[in-house]
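Notes to accompany the following structure.
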Amino acid sequence: MGTRTRIPQDMINLKLIIVTAQKTAQFLFAPSITAAEIAQHVYEEWPEDWGPRTVAKAEILRLIYHGRFLHSNVTLGALNLPLGKTTVMHLVPREHLPEPNSQEDPKQKKTPSRRCCSSCCTIC
């Protein structure tokens, strides 16, 4: 898709950067499409300039938006992406999503003797 091509007002132009090759490609999607459907589409329509496809299945492709991995069922519309505009996301091959960051260490929850008191402590 060239820079002069008009983006339909009911679509989202997704510029994907594949991290492993540092190459980009652009795709038009409806806001109702999910991250899993995008991964499947990219897998099936692998851009030639990205080189040979190195992933065995679409489920390995993960989208990153604003530094966070997108779960397979999230839609572009749920992210409030602007219609008729281009949005940039990264695409990485990864089997599993990372665990969410936790404020507490699960080991500390199991052993109350490691806590210094019953209420939260603040270190100044």
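The values are calculated or read from the model by the stated rules, or taken from the named source; none is laboratory data. The model shown is predicted, which means the values in this text are computed figures rather than measured ones. Cβ placement follows ideal geometry from the backbone for every residue including glycine, while neighbour counts extend to all protein chains displayed.
Key figures for this structure:
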quantity: Single unsatisfied condition, residue 21 versus (1) in a loop (DSSP other than H, G, I, E, B); (2) at pLDDT 95 or above; calculated: (2)
quantity: Positions within segment 3-27 being of a type in the set (Gly, Ala, Ser) and either surrounded by 16 or more Cβ atoms within 10 Å (Cβ to Cβ) or over 17 Å from residue 89 (Cα atoms) (or both), in sequence order; calculated: 25
quantity: Residues of segment 25-75 classified as under 23 Å from residue 8 (Cα atoms), under 16 Å from the mean Cα position of the chain (by Cα) and in a loop (DSSP other than H, G, I, E, B), total; calculated: 4
